[in-house]
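In what follows, a structure is listed as structure tokens, so that the remarks can point back to it.
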């Protein structure tokens, strides 16, 4: 026998009763809880007339984009440009290539360590 009703917390549920010999089994199936994830955060600063809108990735929680809007009189001016410091830092992070001279020096140091290990443990 099946009976549909609302569970204590407001979710839809279904109650199934089974007779198995001398035992009665009652199973209650409930729909999964809805999970809320942060998608956007809006910070308004009234003293400087500025609003900051951050769009957040629901899976990772990282900030995907950030827009700063400034209010001048009755107009809202969107300022999604990056500051020169942000551009400089992003360029430095993306340029993580190792120069050829550094690679050669690292190779020489590794060879020296291998030679030292050979001298200490083999000879």
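Every number here is computed from the coordinates shown, using simple stated rules; none is lab data. Just so you know, these numbers come straight off a predicted model, no measurement behind them.
If the chain linking residue 63 and residue 12 were pulled fully straight, counting 0.36 nm for each residue of separation and taking away their Cα-Cα distance, it would gain 14.9 nm. On full extension, the segment bounded by residue 87 and residue 102 gains 2.8 nm, given 0.36 nm per residue less the C-alpha separation. Here the gap between residue 27 and residue 95, fully extended at 0.36 nm per residue and compared with their Cα-Cα distance, gives a gain of 18.5 nm. Taking only alpha carbon atoms, the range 1-72 gives an Rg to Rh ratio of 1.43, where Rh is the Kirkwood radius.
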